[in-house]
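The values are calculated or read from the model by the stated rules, or taken from the named source; none is laboratory data. A quick note: this is a predicted structure, and the numbers were derived from the prediction, not measured. For neighbour counting, all protein chains shown are included, and Cβ atoms are generated from backbone atoms with ideal geometry for every residue, glycine included. All accessible areas refer to the heavy atoms of the entire protein, side chains included, with ligands and DNA or RNA removed. Shrake-Rupley method; radii C 1.70, N 1.55, O 1.52, S 1.80 Å.
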Amino acid sequence: MSELILSSKQAGAGVITVNNPPVNALSPGVPEGIQAALEAHIADPEVKAILLIGGGRTFIAGADIKEFGKVVAGQSKGHNLLPLMLAMEDSPKPVVVAIHGTALGGGLEVAMGGHYRVAAAGAQVGQPEVKIGLIPGAGGTQRLPRLAGVELAARMCAFGEPISAAKAHEAGIVDALIEGDLLSGAIDFALARTERPKPRERVFRGFDPAIFDTLRAEARKSHRNQTAPLAAIDAVEAATQLPFAEGCARERELFNGCLYGPQSKALIHAFFGEREVAKVPGIGKDTPVRPIQRAAVIGAGTMGGGITMNFVNAGIPVRLRETTQEALDRGMATIRRNYANSVAKGRFPQAVMDERLARITPQLDYEGFEAADIITEAVYEGMALKKEIFAEIDKIAKPGAILATNTSTLSIDEIASATKRPADVIGTHYFSPANVMRLLEIVRGAATGADVIATCMNLAKSLKKVGVLVGNCRGFVGNRMIHCYLREAQFLVEEGAAPEQVDAALYEWGMAMGPLAMGDLAGLDVGWRIRKEFKHLEKPGERVPLISDELCERGRFGQKTSAGYYKYDENRKPTPDPEVVAIARDLARRQGIEQREISKEEILDRTLLALANEGASILDEGIALRAVDIDVIYLTGYGFPAYRGGPMFYAESLGLAHVLQRVEAFGWEAAPLLVKLALEGGSFYRAAAG
Ligand code: 3H9
């Protein structure tokens, strides 16, 4: 028998333990091993009941996700759980499944093959396949509605959210909750039920068939453009219409449709990508990590307030400094309002809000900063001011404190030069709203210490963020690329596309928001000021976007002035504004830009391929460690649709030769790495970091 599975006998129960760390995935050999152990226990007259349990931290967390790519490439036959499920269901001795940690995907499906399920109080169960673009493929869409009721099952399969053991118990998925030691509790449970199991009844509790259309409408909204949630609903609906075996066949068809479609490939890339970015060459388990128990934040504006919330949400007290009482009060009022909104929405009780607020010490001086383990500066973008602040905190901070800046564009090295401890200085670039967006770009300066990087990567996890390490250059990874994307969006308007046409093309394609609406939200004046400051850096003869500046000259800063690329009513609802089209027309005439009809395809290619072309340079320069790091930055910080995999993954899915041809057709300077890979037939994902 495979060592992936351990088998033993305890007090008349045959115990099968899955031993495939870290999450007991159903890798090749696991289902077969369970089945062999099961058959041995069935044949053993001393065994009265059979128990299946996970070793280590969890029950089975699902199919081995790595296998799916191999299946599509024809290198693996994939998971065939059917023989195991039949062997469990047909066992003449009761099979009890004991769940701790998570029983997810194929894990829950296997558990449903048993006659009984018991769970530890902290366990969770779910069918999260849609999160990787799939649906349950081993009968989950057929067994779960029979066990848990149609609506709950359809929701679990369509949206992928796991439920607690208590809820699973209430719904009938789990037969008993076990207090104390799971294994001994489960053995007692099993030995109290040694009679031959009855064949399973395959009936449904009452349900309203209209639920499927309700869920489809919900899925179209919450999972815009995604195919798997709809396929999951179809499969559960089929369960209610077809005999069990035919329902399973329909599920398989729908599962294969998802598996061989593009979205699962992209979402699986995103799943592993999020885990890959945590791995930094040269930084390992042996790199020392500094404890972060107290934090201080400078600046109580939108970013500083959001950063403060992140720390206190993670239980880390914060000293929050502003320069004027008015700004401090305003910042605290915003924090209070954000928390009160969460309480009103039922996300957490008032007591949690009070606890979090009590962890913040608002102040106008640097008192207590000497005790902070990390000090984060979040004042407005100006090098002189940032250097002044860093020189000040250099004098106050204790040795070993991390000095972090939330700059989104400025050089970490120059900021660090204002201190006598550049090894302790690092960029921690949060994304607005900082208490919501998952991305944290961690910017390494030339002198930043490895332990400081390791600490910030760990901190990202504690703050429930996805930390991605990037190099120091203007705009780092995310903003350096977005600059190219926004530039093209503006050029398109100057060349005759209406703002709503540009935004609609990208929104429909899957971006959370169109680029021009995004500019209005962020404030067009921010870029306008930066462009004025960096005007001297413009290359002579190079085309620069002018339309945003034209709008700013007319006081149209975006949402905050009720006008930008759109007009806004008092609820900030946008409507297209013909005046913007007229301003663009006039600008084009003055600049000698020919206006024309612009296709959706051109809008998509010019904006999205601008991201990939700049991303290729960033990769080549070693500013990003890997192409997947760029993808994850866009998925977690810029509203790029996960089912498209990220800008580099998307470009590669189009074919790099095709991308290069488009880049050249647009008259751009192609990134040398793109040229090289396109000619060689190479891949961003095999390109070594510089
Ligand atoms: C499925 O089941 C289809 C079925 O219907 C059957 C079809 C026939 N496979 O997340 P973590 C790795 S589809 C392979 O950091 P946590 C992960 O990459 C599947 N590897 O830990 C990481 O590796 P590394 C349905 C997996 O404690 C390590 O394990 N199931 C898998 O924060 C630790 O992971 C899912 O979608 C896997 N299934 O969270 C569940 N899962 O250390 C997906 C994890 O090298 N998994 N790894 O970077 C999860 O949601 C979380 O991993 C879990 C643990 C909650 C389990």
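Data for the structure
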read-out: Amide H contacts of Thr409 (H built 1.01 Å from N, under 5 Å, at least 5 apart or other chain); value: Gly475
read-out: Per-residue HN-Hα couplings for segment 356-373 [Karplus 6.51, -1.76, 1.60; θ = phi - 60°; Hz; x = Gly/Pro]; value: 5, 4, 5, 7, 9, 10, x, 7, 9, 10, 9, 4, x, 5, 5, 9, 6, 7
read-out: Percent of beta bridges antiparallel (DSSP, the chain, rounded to nearest 5); value: 30
read-out: Set of aspartates and glutamates with alpha-carbon distance to Lys465 below 17 Å, sequence-local pairs under 8 removed; value: Glu274, Glu276, Glu441, Asp629, Asp631
read-out: Rg/Rg_globular for segment 478-600, with Rg_globular taken as 2.2 N^0.38 Å and Rg from C-alpha atoms; value: 1.01
read-out: The chain, relative contact order in percent, only Cα pairs under 8 angstrom and at least six apart counted; value: 9
read-out: Mean accessible surface per residue for the chain, computed with a 1.4 Å probe while every protein chain stays in place, in Å²; value: 43
read-out: Filter on Lys285/Lys387; Lys77/Lys131; Lys70/Lys131 - keep pairs with C-alpha separation over 24 Å; value: Lys285/Lys387
read-out: The chain: translational diffusion in µm²/s, Stokes-Einstein, Kirkwood Rh over Cα pairs, 20 °C, 1.002 mPa s; value: 77
read-out: Within the chain, helix-based [θ] at 222 nm, where runs of 4 or more DSSP H residues each add -39,500 (n - 2.57), nearest 500; value: -14500 deg cm²/dmol
read-out: Whole-percent carbon and sulfur share, accessible surface of the chain, 1.4 Å; value: 54
read-out: Relative contact order (percent, whole number), segment 393-443, Cα cutoff 8 Å, 6+ residue spacing; value: 34
read-out: Taking segment 5-260 and dividing mean pair separation by its residue count, relative contact order in percent (alpha carbons under 8 Å, at least six apart); value: 18
read-out: Relative packing of peptides 635-641, 164-170, 677-683 - highest average C-beta neighbours within 10 Å first; value: 635-641, 164-170, 677-683
read-out: Spatially proximal lysines relative to Lys93 (Cα-Cα < 29 Å; intrachain offsets below 8 disregarded); value: Lys9, Lys48, Lys167, Lys198
read-out: Trypsin sites (Lys or Arg not before Pro) within segment 409-450: DSSP coil, no more than 14 neighbouring Cβ in 10 Å; value: Lys420
read-out: Centroid-to-centroid separation of segment 169-208 and segment 648-670 [C-alpha atoms, Å]; value: 56
read-out: 5 angstrom amide H check on Leu26, placed H, neighbours 5+ away; value: Gly62, Ala63, Asp64
read-out: Translational D in µm²/s for segment 614-676 (Stokes-Einstein at 10 °C, 1.306 mPa s, Kirkwood Rh from C-alpha pairs); value: 132
read-out: Fraction of alpha-carbon pairs over 21 Å apart in segment 356-498 - percent; value: 47
read-out: Sites matching GluC sites (Glu not before Pro) across segment 516-580 that sit in DSSP coil, with at most 13 neighbouring C-beta atoms within 10 Å; value: Glu538, Glu542, Glu570
read-out: Neighbour-limited loop hits for chymotrypsin sites (Phe, Trp or Tyr not before Pro), segment 524-569 (at most 16 other Cβ within 10 Å; DSSP other than H, G, I, E, B); value: Phe534
